[in-house]
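Participant: This is the structure I have questions about; it appears just below.
The values are calculated or read from the model by the stated rules, or taken from the named source; none is laboratory data. Owing to the predicted nature of the structure, the values given are computational and were not obtained by experimental measurement. Every residue, glycine among them, receives a Cβ derived from its backbone with ideal geometry; neighbour counts consider all protein chains shown.
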Amino acid sequence: MTWRLRNRADSGQAFPIYITVVAGLLFLAFAYLAVGQAAANRNGAQTAADAAALAAAQDTRDQLAGQWVTDVLDPAKWQDVFDGEVPVTPSCWRADALAGRNDAHVVRCAPTGPLGYEVDIRTDKPVGDSIVPGTENTYSKASATAVIEPLCTFELPGEDAGDDVLPQLTCKDRNWDLDPDNLDELPQPKDLFDVHLAD
């Protein structure tokens, strides 16, 4: 009889401890969920920023490549093209478009010199409801910088070479021997410039 009473008393004392442990585990689970939500939101923001910066840089790269094609018969202008020292239309509109596709919007977009863009974005969706107060109105922010890297080198021909001789264009591991009378095959924008995120 004494043993039964003691066993029931022990069971009664263990129940509050059990409830406390379960409540603690549930709190930890919700806390991990909140951390996961925030991390996913931040990752999405960084993806949007990267895509926006790359899109702006790629649009400028395409414009520079188009200008090179326009000036292909005037090699004296080539270096200005490869240095980005030619007029181009600002490409931040492309950053806006790509950020929108990733549920974000551009807060700031600015050229970093003639061959790059820096973009700051903010997500359109908040982190969401969680046990952490205020997350329902918290939005992730991220920044990215994309650069345009010229891939080609050349040497201008001497004065005795004549006006109808174009320099050999070396782009990475390929040499382009350009014939002014047959310009059907020219380097593509990706052959002339590389676009990548800054380290």
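Conditions (1) in contact (Cβ under 8 Å) with a residue 60 or more places away in the chain; (2) in contact with a strand residue (DSSP E or B) (Cβ under 8 Å, 6 or more places away or on another chain), marked per residue:
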site: 143; (1), (2): yes, yes
site: 146; (1), (2): yes, yes
site: 149; (1), (2): no, yes
site: 167; (1), (2): yes, no
site: 170; (1), (2): no, yes
site: 173; (1), (2): no, no
site: 176; (1), (2): no, yes
site: 184; (1), (2): no, no
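Participant: All but one of (1) crowded, with 18+ Cβ neighbours inside 10 Å; (2) modelled with pLDDT under 95; (3) in contact with a strand residue (DSSP E or B) (Cβ under 7 Å, 6 or more places away or on another chain) hold for residue 127; state the number of the condition that does not hold.
Facilitator: Tallying (1) crowded, with 18+ Cβ neighbours inside 10 Å; (2) modelled with pLDDT under 95; (3) in contact with a strand residue (DSSP E or B) (Cβ under 7 Å, 6 or more places away or on another chain), residue 127 fails exactly one: (3).
Participant: Write out, first by first residue and then by second, each pair whose Cβ atoms fall under 7 Å of each other, whose residues are 6+ apart or on separate chains, and whose first residue, in region 63-83, is under 19 Å from residue 195 (Cα atoms) and touching a residue at least 12 places away in the same chain (Cβ under 8 Å) while the second is exposed (fewer than 13 other Cβ atoms within 10 Å of the Cβ) and of a type outside the set (A, V, I, L, M).
Facilitator: Qualifying pairs under 7 Å: 63/89.
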